[in-house]
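Worksheet: the structure to be examined is printed underneath.
The values are calculated or read from the model by the stated rules, or taken from the named source; none is laboratory data. Keep in mind it's a predicted model, so treat the numbers as computed, not measured. Because the Cβ atoms are built from the backbone with ideal geometry, glycine has one as well, and the counts that use them run over all protein chains shown.
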Amino acid sequence: MRAVVLETAGPAPHLRDAVLPDPQPAPDEALLRVTACGFSHHDALIMEGTLRRGVTLPRVPGHEVTGVVCGVGDGVPASLIGTEAVVVPGDIGHRRDGGFAEMLTAPVASLVPLPQGMAATGGALLASPIGVALRALEACGVAGGETLVVTGASGGVGAHAAQAAHAMGASVIGITGSPEKAQRLEGKPWLDAVLLDDEPWEEVVAALTGDMGADVALDTTGTSLGRLAAAMRHGGRIALVGQTSPDAAPFAPAEAIFRELTLVGSLGVERRHVERALSLVAGGQVTPLVHEELPLSVESVTRAYRAVKRREVLGRVVLRPVGF
């Protein structure tokens with residue numbers, strides 16, 4: 001099979017186009033022919049060497065995967081062959097090879113079948129970022145009628161969290177880093193306001209909420225915790241779901257103490273969140289945001305990496321093996 005292998009990580013990550021032996025499914029595993037794989041900020045952090053925990057190299061990256069079952073290991077019914085499914089990631093792309101390849105193996109328990117007619121490119125985003133966003137919203141307990149602030153509102157987790165929260169009946173204020181992204185987000189029905197990160201948005205949030213502050217916040221960047229704390233009402237909740245920079249975010253604990261804020265970390269996704277994501281997408285309440293589709297190659301992975309680092313991407317770049 002053809003694959004893109006990350007040999008070494010760093011400021012200039014070393015990738016190579018490779019032809020590897022077709023993987024063989026172990027007992028209770030399935031072999032999938034990959035139909036689509038998202039490229040996330042998480043992948044970019046692995047490539048640049050910022051994210052090392054649980055990652056072994058060389059490695060085929062990519063954890064946002066859909067594929068068609070084309071083989072099964074012992075203990076798996078052959079009737080599963082031909083099923084298209086999204087993979088709940090686990091350690092895929094970290095300690096086992098991921099979806100920047102024509103094929104991969106995955107535990108059968110990690111497969112969530114896609115309904116007939118669902119596009120593979122959108123299906124690839126069901127576990128991450130959409131399911132990840134749903135888990136974070138669950139962690140901070142967003143409810144209808146509340147005001148939610150989302151940092152990184154143009155990123156995969158942020159944009160899909162905003163859609164899901166809007167579907168729940170929340171008012172959503174999105175924070176983004178550039179006028180270009182703000183312009184692209186303006187008019188989205190799932191955002192009640194779009195604010196620029198280099199503006200004093202804490203004050204604007206106060207004004208938009210009648211000086212009460214936001215009820216809930218989702219921090220997908222890890223760079224705005226101190227500002228978020230200052231934008232919250234008394235007793236507000238903040239979910240931390242991402243860190244896009246290794247630099248520490250300024251944070252004064254006094255803000256959290258005096259406002260009696262609840263801070264909770266949210267990591268990864270479980271099957272139930274993927275099933276919920278599938279329901280929301282099938283019902284038209286959440287639309288997977290695909291920035292661009294590219295054919296699987298080192299050139300495409302490099303292009304996606306640079307676009308993510310330049311913060312040009314709205315949603316996800318999706319890689320597709322030739323033939324899909």
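Can you say whether residue 15 is closer than 16 Å to residue 95 by Cβ and in contact with a helix residue (DSSP H, G or I) (Cβ under 7 Å, 6 or more places away or on another chain), as far as the supplied structure shows? Walk me through it before giving the result.
Numbers: closer than 16 Å to residue 95 by Cβ: no; in contact with a helix residue (DSSP H, G or I) (Cβ under 7 Å, 6 or more places away or on another chain): yes.
Answer is no for this residue.
Residues checked against (1) modelled with pLDDT of 95 or more; (2) buried (at least 23 other Cβ atoms within 10 Å of the Cβ); (3) in a helix (DSSP H, G or I); (4) not assigned by TED's automatic domain parsing to the domain that holds residue 52:
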residue	(1), (2), (3), (4)
204	yes, no, yes, yes
217	yes, yes, no, yes
223	no, no, no, yes
234	yes, no, no, yes
245	no, no, no, yes
248	no, no, no, yes
251	no, no, no, yes
273	yes, yes, yes, yes
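For residue 255, work out the one condition from (1) free of Cβ contacts under 8 Å to residues at least 40 places away in the same chain; (2) closer than 30 Å to residue 113 by Cα it doesn't fulfil.
So residue 255 meets the others, but not (2).
Search segment 172-194 for residues being under 21 Å from the mean Cα position of the chain (by Cα) and in a strand (DSSP E or B), and hand back the single one that is farthest from residue 265 (Cα to Cα).
If we take residues in segment 172-194 being under 21 Å from the mean Cα position of the chain (by Cα) and in a strand (DSSP E or B), then 194 is farthest from residue 265 (Cα to Cα).
Does at least one position in segment 140-151 carry a residue that is crowded, with 19+ Cβ neighbours inside 10 Å, assigned to a helix (DSSP H, G or I) and in contact (Cβ under 8 Å) with a residue 24 or more places away in the chain?
There is at least one residue in segment 140-151 that is crowded, with 19+ Cβ neighbours inside 10 Å, assigned to a helix (DSSP H, G or I) and in contact (Cβ under 8 Å) with a residue 24 or more places away in the chain.
Which one of 291, 234 is of a type outside the set (Ser, Thr, Tyr) and closer than 30 Å to residue 123 by Cβ?
Result: 291 is the single residue among 291, 234 that is of a type outside the set (Ser, Thr, Tyr) and closer than 30 Å to residue 123 by Cβ.
Residues checked against (1) without any contact (Cβ under 8 Å) to a residue 40 or more places away in the chain; (2) surrounded by fewer than 19 Cβ atoms within 10 Å (Cβ to Cβ); (3) within 17 Å of residue 103 (Cα to Cα):
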| site | (1), (2), (3) |
| --- | --- |
| 35 | no, no, yes |
| 40 | no, no, no |
| 45 | no, no, no |
| 50 | no, yes, no |
| 55 | no, yes, no |
| 60 | no, no, yes |
| 65 | no, no, yes |
| 71 | no, no, yes |
| 77 | yes, yes, no |
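Restricting to segment 275-312, name every residue that is part of a loop (DSSP other than H, G, I, E, B) and of a type in the set (A, V, I, L, M). Step through it out loud before you land on a result.
Within segment 275-312, the first condition is being part of a loop (DSSP other than H, G, I, E, B), and the residues that meet it are 283-289, 296-297, 310-312.
Listed by number, the residues that qualify are 286, 289, 296.
Given the condition exposed (fewer than 14 other Cβ atoms within 10 Å of the Cβ), over 22 Å from the mean Cα position of the chain (by Cα) and within 30 Å of residue 311 (Cβ to Cβ), answer yes or no: does some residue in segment 13-33 qualify?
The answer is yes; a qualifying residue exists.
Any idea how many residues of segment 265-305 are closer than 22 Å to residue 185 by Cα and hydrophobic (A, V, I, L, M, F, W, C)?
The number of residues fulfilling the criteria is 7.
Go through 278, 289, 267, 319 for me and flag whichever is touching a Cys at 6+ places or on another chain (Cβ under 6 Å) and either of a type in the set (Asp, Glu) or farther than 26 Å from residue 209 by Cβ (or both).
319
Within segment 101-124, work out how many residues are crowded, with 20+ Cβ neighbours inside 10 Å, part of a loop (DSSP other than H, G, I, E, B) and out of contact with any Ser or Thr (no Cβ under 9 Å at 6 or more places or on another chain).
Adding up the residues that qualify gives 1.
Can you name every residue in segment 259-268 that is farther than 30 Å from residue 88 by Cβ and either modelled with pLDDT under 95 or in contact with a Lys or Arg (Cβ under 9 Å, 6 or more places away or on another chain) (or both)?
259, 261
For residue 137, state whether it is surrounded by 21 or more Cβ atoms within 10 Å (Cβ to Cβ) and in a strand (DSSP E or B). Let's see the steps before the verdict.
Working: surrounded by 21 or more Cβ atoms within 10 Å (Cβ to Cβ): yes; in a strand (DSSP E or B): no.
No, not satisfied.
Only one residue in 317, 290 is modelled with pLDDT of 95 or more and in contact with a Ser or Thr (Cβ under 6 Å, 6 or more places away or on another chain). Which one?
Step by step, each of 317, 290 is checked, and only 290 is modelled with pLDDT of 95 or more and in contact with a Ser or Thr (Cβ under 6 Å, 6 or more places away or on another chain).
Could you tell me whether residue 98 is at pLDDT 95 or above and either at positive phi or under 17 Å from the mean Cα position of the chain (by Cα) (or both)? Break it down into steps so the answer makes sense when it comes.
On the way: at pLDDT 95 or above: yes; either at positive phi or under 17 Å from the mean Cα position of the chain (by Cα) (or both): yes.
Yes.
Against the definition (on the phi > 0 side of the Ramachandran plot and either among the charged types (D, E, K, R) or not in a strand (DSSP E or B) (or both)), how does residue 210 come out, yes or no?
So residue 210 passes the test.
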